[in-house]
Amino acid sequence: MKPAPNAPPPGFEEAGSLRQQARAAGMDPNYWYAVEEVRRVKPGTVVEVVFWKHSIALFRGTDGTFRAIENTCAHRQLKLSIGHVQGCKLVCAYHGWEYGGEDRPAGVPYDGDGRSFPHLALRTYPVKVRYGLVWIFPGDPEQAETRGIPDIPELEGPDRWTCVPLRFTWSAHHSMVIDNVSDFTHAHLHRRYRPFDGAALTSSETVGDNVHLAYDTRVGRGRISGLFVDHERLNTNRMELCYEYPYQWSNTDDAIKHWLFVLPVDERTTRVFFLFYFKSLKIPLLPVRIPRFAMTAVMRISNRMLIAPLLDQDRFALEAEQEGYEKHWDAPPVEFNPVVQAFQKVTVRKWREHLEREAEDGDAAA
């Protein structure tokens, strides 16, 4: 039966194709998700972050410690993120109820420590800081210590590579973002900057929850970006990538690398955190490497002048794709790159497994 004109895309359970399921899927909460840059949450402040339609108040006490709590006051259900931080407690803007790192009010102005309301519990979330990012574990807190944040050895220790995070909010489903960053058939979109060209997929394999792939492609040959890459010393003609659910990374000649961390907000909104890092860069027109002490300044300029404009082209395309999908979700999917379906299969399977666990937990509690 043909869908009614202007009908919205189907939900996950009603979806009839792999693409429709992928575009309706959330992400398994039993992973660590980057939610904000550390530098953007000053001590004594609070911000709202959202993981798949669940609002969370992330606040930083005056001691510098991050805490995360369900973003709803137990009293009148105001968002706690519109309140303020006092010391190491988050204070509701309405009646001044106080919340610390526990799952119940830490103080009620007219009731001392809230002893009259022992049943008023809010969910708290494990929080960690790593690589200049704040991470939250939105799933089962008992799994938080056994499920680690990805290890990036190049960003650890005294000889760590330079990295300045980039973060954006894109009006597109997270599965579209994953498709985009690993599908190198869209070089035409980036013809101005030429971050890669001539890409030919040489391998693709799904191992458990990870999709490994590789391209033969010319990396860093742009008119400006190519001046900073030492092509005399580096072979930037092969790139390995992986959708390491729910993360994504790439590696070019062990010299140019990146990680992407997505934060799924809802079916049409995703926050993205990119970490690009380089073993070294050279001074344009000279066979001389940029000194390590100057790399951070160079990366900040590069992010602003080269990488952010490049990624803005991806944003433009993905937001247009989201609008197109919402109007033509029943159109037959056409994919020439087999890795796209491989990504979508993992995304759909992981979300289905999560929903099945939720249903089992609900049956056990009934």
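The values are calculated or read from the model by the stated rules, or taken from the named source; none is laboratory data. This one's a predicted model, so the numbers in the text were calculated from it and none came from an experiment. In this analysis, Cβ positions are derived from the backbone assuming ideal geometry, glycine residues included, and neighbour counts consider all displayed protein chains.
Quick one: is Ala68 outside the structural domain of Thr270 (by TED's automatic domain parsing), in contact (Cβ under 8 Å) with a residue 40 or more places away in the chain, of a type in the set (Gly, Ala, Ser) and surrounded by 15 or more Cβ atoms within 10 Å (Cβ to Cβ)?
Yes; evaluated as a whole, the condition is true for this residue.
Quick test for you: out of Gly139, Gly96, Gly107, pick the one residue that is buried (at least 17 other Cβ atoms within 10 Å of the Cβ) and either modelled with pLDDT under 95 or not aromatic (Phe, Trp, Tyr) (or both).
Selected residue: Gly139, the only one of Gly139, Gly96, Gly107 that is buried (at least 17 other Cβ atoms within 10 Å of the Cβ) and either modelled with pLDDT under 95 or not aromatic (Phe, Trp, Tyr) (or both).
I'd like the residue in the stretch 251-279 that is farther than 21 Å from Glu37 by Cβ and in contact with a helix residue (DSSP H, G or I) (Cβ under 8 Å, 6 or more places away or on another chain) and, out of all such residues, is surrounded by the fewest Cβ atoms within 10 Å (Cβ to Cβ).
Restricting to residues being farther than 21 Å from Glu37 by Cβ and in contact with a helix residue (DSSP H, G or I) (Cβ under 8 Å, 6 or more places away or on another chain), the top hit is Lys279.
For the stretch 145-171: of the residues being in the same structural domain as Ala317 (by TED's automatic domain parsing) and of a type in the set (Gly, Ala, Ser), which is nearest to Pro246 (Cα to Cα)?
Ranking the qualifying residues of the stretch 145-171, first place goes to Ser171.
For the stretch 37-103, list the strands (runs of 3 or more DSSP E) that sit wholly inside it and hold at least 2 residues that are farther than 12 Å from Tyr125 by Cα and of a type in the set (A, V, I, L, M); which are they?
45-51, 89-91
Got at least one residue in the stretch 242-254 being part of a loop (DSSP other than H, G, I, E, B), modelled with pLDDT of 75 or more and either of a type in the set (D, E, K, R) or farther than 30 Å from Ile56 by Cβ (or both)?
Yes, that holds for at least one residue.
Tell me, yes or no, whether the stretch 298-314 has at least one residue that is part of a helix (DSSP H, G or I), of a type in the set (Gly, Ala, Ser) and at pLDDT 90 or above.
Within the stretch 298-314, one or more residues are part of a helix (DSSP H, G or I), of a type in the set (Gly, Ala, Ser) and at pLDDT 90 or above.
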